[in-house]
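Working notes, structure below.
No value in this document is a laboratory result; all are computed from the given coordinates. For clarity, every value in this text was computed on a predicted model and none was experimentally measured. Because the Cβ atoms are built from the backbone with ideal geometry, glycine has one as well, and the counts that use them run over all protein chains shown.
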Amino acid sequence: MEAILMQFREGKEEALKRIYSMFATNLLFTARGIVKNEQEAEDIVLDAFSKCWLKRECFETLYKIKCYLYVVIKHACFHYVDKLKTKASSHREIFYISEEADGFVLEHMIKAEMVERIHKEINLLPERARTMLNWLYVDGLSNTQIAQKMQIPVEHVRVNKSRALNQLRQALSGKLA
């Protein structure tokens, strides 16, 4: 990790790409949660990375880069929402910025990191358990649909689902604390 930081500070674009791949998913999740617009969220995140790149020599750790990016994104998102409020103040779906806004951003940051950890642990599970959890929670298939796909009784799906969730719980216990 130190090497990435040094390369980043030296202006090597490959390091920027690696840092982008490390943080972009969670940053996009946070931005989308605030602005409710996929394209705008992507633009905000890219702009934040551009600003970070311009100040690259100031960062002493990857953690400080991550914090900087979250702050820049938070402000850009609120600026975007504020512009929307000004243009169309009567729309109910526009996010109201209040004292709770920081808590909202923090909540999205935490959720993004939790989802990332869970996905990593799911990918480490045995193939059958991984497939079952993906079908259930990513693809939204029912127990019956999975039973048909796997050509097994629905009760076996329930048992396998329970086992897979227990394996996931065991894998995550202690890692999320």
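Here MET109, MET114 are placed in order of increasing Cβ neighbour count within 10 Å, fewest first, which gives MET114, MET109.
For LYS55, the aspartates and glutamates whose Cα falls under 18 Å of its own Cα, not counting residues fewer than eight places away in the same chain, are GLU2, GLU10, GLU13, GLU14, ASP47. Please tell me which of these pairs span more than 22 angstrom C-alpha to C-alpha: LYS66/LYS111; LYS36/LYS120; LYS36/LYS161? Those over the limit are LYS36/LYS120; LYS36/LYS161. In this rough spin-label picture, where each label sits 7 Å from Cα along the Cβ direction, the LYS55-VAL159 distance is 5.7 nm. One decimal place: the segment MET22-VAL115 gains 32.1 nm when fully extended, by the rule 0.36 nm per residue minus the C-alpha distance.
The phi torsions of segment 150-165, fed into the Karplus equation with coefficients 6.51, -1.76 and 1.60 and a -60° offset, translate into couplings of 8, 6, 9, x, 4, 4, 5, 5, 4, 5, 5, 5, 4, 5, 4, 5 Hz, rounded to whole numbers, with Gly and Pro shown as x. Placing a label point 7 Å from the Cα of LYS83 along the Cα-to-Cβ direction, the residues of segment 6-47 with a backbone N closer than 18 Å are 31-47. Taking the helices alone, the chain has a mean residue ellipticity at 222 nm of -25000 deg cm²/dmol, built from -39,500 (n - 2.57) per DSSP H run of at least 4 residues and averaged over all its residues.
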